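What follows is a set of notes on a single structure, which appears directly below.
The values are calculated or read from the model by the stated rules, or taken from the named source; none is laboratory data. Computed from a predicted structure; not experimentally measured. Positions of Cβ are generated from backbone atoms using ideal geometry, with glycine treated the same way; all protein chains shown enter the neighbour counts. Accessible surface is based on the protein model in full, side chains and every heavy atom, while ligands, DNA and RNA are left aside. Shrake-Rupley method; radii C 1.70, N 1.55, O 1.52, S 1.80 Å.
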Amino acid sequence: MRLLIVEDDPEAAQAVVAALRPIGGSLDTESTGDAALRRALQGDFDAIVVDRMLPGLSGSALVEKLRAAGRHTPVLMLTALGSLDDRVGGLESGADDYLVKPFDPPELLARVRALLRRVRRAPAQESLQIADLRIDPLARTAARGGQALDLQPREFDLLLLLARNAGEVLTRTMLLEQVWGFHFDPRTSIVETHVSRLRAKVDRPFPLQLIHTIRGSGYKLDESEDA
Amino acid sequence: MNLKTLSRSSAFRLATALSALFGGAMGLIMLLVYLRTGEQMRDNLDVSAQTELGELMIEWSQGGVDNLRKMLWAEVAPGSTDDSVYVLQDPDGKILAGNAVQPLPAKIGLSLLPREQLHLDVPPESVDDANDLFHVAGASLGSYYVAVGISDSQVTKAMHSMLKVFATGLIATIAVCVALGLYLSQRMHRRIEAIRLALVQVAGGDLSHAVPGADRRDDVGGVVVLINQTVTALRRVVDAMQQLSNDVTHDLKRPLARLRQQLSLSQYSLQQGKDPAEHIEGAERHARSMQGIFESLLRITHVESGIRRARLRKVDLHSLLADLHQTFEPVAVESAHSLTAELGAQPVDVLGDQDLLTQLFVNLIENAICHTPAGTRIELRLAAEDGKVVASVADNGPGIPEGERGLVTRRFYRLERSRTTEGHGLGLSLVSAVAALHGASLEIGDAKPGLVVSLRFTRAEG
């Protein structure tokens, strides 16, 4: 794995490197947009983490130029600006994900991992099979061991997302964004509650527990018991 | 109003231009009338002379030269007129009748002769008449020559009068135009000066006064209205910024102090050889809390100041609330509350920002879940009543005391009874800000018992 980190604040760069170390591979850093663009165009990186505010060439301009040059390297944009407008603007410039500083290290790690997965994701309509769990995205049905599961629409969305990212951690924030479309932090434990209800339907009646809680990070769906 | 400001006054320039144009046009017309009238009057003299000549010729045709002589003697007593000339002369130039003392050049038809060439038996009445021209009509009767001539002194006098009248009129008109122009400019200048002074104040940072002059229903009044709206919007932003600055100063100092405390405690622990984990976790917690407050404050400020422009689109409140019901029902159950929904069966569209409206209702629902005791029933309601849509979140909990209802939308306001519980007190500020942005009215009332927070929207067409 080759990752490029573009951050002009040395402390922030240190934090990003520390957060992403578990991925392994090489972590290169640049502190200016221009230098980073050159490297990104020359080298072959699997993912780029870029700060929006950079001296000289800004993060969003960097991504725009990268895309204009035909490079589709997954990009996660980091920024202190967190308004909806900023998020939309950042994504419009070509970034694939957007994370507001200060971030939780597990959050950054989970999102970068998700970016790296993107390249090897199955097409959207295909049925998913994990252990004895079978999900049909088109028909919006799910079954375990042949037994149909009675799921509410949101519960199905949650299960589908976890299944599509099987084996990988999805953070609470990611779930709030992708299942509920909430780009803010609710005070109540929506995700926990719904995961709990989902477990009651998907896991409890069956011997194999698929939905796992990863302390400090989030949740994942995995057929391996010791996940 | 000195000359410099005068010359820069657009009203004055306009008035001057119009006056010049009008004056010019008027002058031109007057000139044409003058010339044409003069021409006409002189033509009339020719006609009169010819007519009189015609009459004389009839006399001659009836009674010959003698008859004519007698008539002329009768009509034109010597010295009777200096305005006309009559002459009957024989081929040798001897004057047989008339008031000329010397013969006229025997021109047939119309001719113009200056007075000095006519040698009348009387001098002109006034000096002005000395340069008169006589319109002479002459004819030959047999071998005699007869002529009638009329002086143009009347015409000249008339033209003079006309000229005087026209000149006076033109000058008076221009004077009136200039005076009127000055007056109107003065008035306009005062209005503009008042506006200018008010704007100087605004530019200097004083946003509290309205610019005067919005009451007049004309184009300038319209601009003043817009200026005032702009100033109001600007004031809103400045106020929001001021408020944010205050909030940050006052209400973030406490958690910041606590955070530092925890950090120094962890340092102390390390010095003592003890495990600082507990204090580091505490510091992390306070930091997170501050972050949350920052985020909320920014969001509220963005909405209030208009920086966060509402993405106004058709939003179906029915599906939004039904969705939230589904989302929060399990959450409510977990904390021993119940969440029901009375939303009707029809889609209900309003013009709004999906994201902000979601946050608004999430805030209200979470307030109900977090701030009421176990067993409380919470209900989401949606009702449409002729063009208006009312969405409310009601609970049968302790409610908000009447005295505090007006205060709860203030930032950081915590109910007296809630002071010690979790929360920053920003929830209802955001609700209030989003409601205002949507032009929806917010009502905090008694659900008898309990609390009902209602929002009244205008229904979107189509």
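Just to check, using Stokes-Einstein with a Kirkwood Rh over alpha carbon pairs, what's the diffusion coefficient of region B:1-140 at 20 °C and 1.002 mPa s in µm²/s? Could the numbers behind the result be given before it?
Numbers: Rh = 18.7 Å.
It comes out at roughly 115 µm²/s.
To the nearest 20 debye, what charge dipole does chain A have about its Cα centre, counting +1 at the Cβ of each Lys and Arg and -1 at the Cβ of each Asp and Glu?
Working: 29 positive and 33 negative charges, 108 e Å.
Value, rounded to 20: 520 debye.
Shape verdict for chain B, please, from the Cα gyration tensor: rounded (a/c under 1.5), prolate (a/b greater than b/c) or oblate. Because a/c hits 1.5 or more and a/b exceeds b/c, chain B counts as prolate. Give the aspartates and glutamates reachable from A:Lys65 as a straight Cα distance under 14 Å; neighbours fewer than 8 places away on the same chain don't count. Cα-Cα hits under 14 Å: A:Asp34, A:Glu92. In a DSSP loop and with at most 15 other Cβ atoms within 10 Å, the GluC sites (Glu not before Pro) in region A:71-165 are A:Glu126. When only Cα pairs below 8 angstrom with a gap of at least 6 residues are kept, region A:116-227 shows a relative contact order of 24 percent.
Placing one equal scatterer on every Cα of the protein assembly as shown and applying the Debye formula, the log10 ratio I(q)/I(0) at q = 0.05, 0.09 Å⁻¹ is -0.49, -0.99.
Three semi-axes describe the equivalent ellipsoid of region A:11-117; taken as square roots of 5 times the Cα gyration tensor eigenvalues and ordered largest first, they are 18, 17, 13 Å. Taking a straight Cα-Cα cut-off under 25 Å and skipping sequence neighbours fewer than 8 places away in the same chain, the lysines within cross-link reach of B:Lys107 are B:Lys70, B:Lys94. The contact between chain B and chain A removes approximately 2000 Å² from the accessible area (both sides summed; 1.4 Å probe; ligands, DNA and RNA excluded).
Taking every residue in B:320-333 and counting other chain Cβ atoms within 10 Å of its Cβ, the average works out to 4. For region B:161-175, the Karplus equation 6.51 cos²θ - 1.76 cosθ + 1.60, evaluated at θ = phi - 60°, returns couplings of 4, 4, 4, 4, 4, 4, 4, 4, x, 4, 4, 4, 4, 4, 4 Hz by residue, with Gly and Pro reported as x. Burial annotation for region A:66-92: residues with an accessible-area loss of at least 20 Å² between the isolated chain and the complete set of protein chains, computed on heavy atoms with a 1.4 Å probe, are A:Ser83, A:Leu84, A:Asp85. Based on protein heavy atoms only, the protein assembly as shown ends up with 52 Å² per residue of surface accessible to a 1.4 Å probe.
Under 8 Å for C-alpha pairs, at least 6 residues apart: give me the relative contact order for chain B, rounded to a whole percent. Write down the numbers at each step before the final one.
Values: 636 pairs, mean separation 45.1, N = 462.
Here the relative contact order equals 10 percent.
Of the trypsin sites (Lys or Arg not before Pro) found in region B:32-137, the ones in coil according to DSSP and having at most 12 other Cβ atoms within 10 Å of their Cβ are B:Lys94.
Near B:Lys314, which lysines are there with a Cα under 28 Å away, not counting those fewer than 8 places off in the same chain? Filter leaves B:Lys388.
With helices as the sole contributors, the protein assembly as shown gives -16500 deg cm²/dmol at 222 nm; each DSSP H run of n ≥ 4 counts as -39500 (n - 2.57), and the sum is divided by every residue.
Students often check this: by mean Cβ neighbours within 10 Å, which of B:364-372, A:216-224 ranks highest, and how do the rest follow? Kindly include the intermediate steps, with their values, before the conclusion.
Working: B:364-372: 21.9, A:216-224: 18.2.
For the peptides B:364-372, A:216-224, the packing ranking is B:364-372, A:216-224.
For A:Val6, the residues 5 or more places off, or on other chains, whose built amide H falls under 5 Å of its own are A:Glu30, A:Val49, A:Val50, A:Asp51.
Surface listing: A:Arg2, B:Arg258, B:Arg299 arranged by accessible area from highest to lowest gives B:Arg258, A:Arg2, B:Arg299, probe 1.4 Å.
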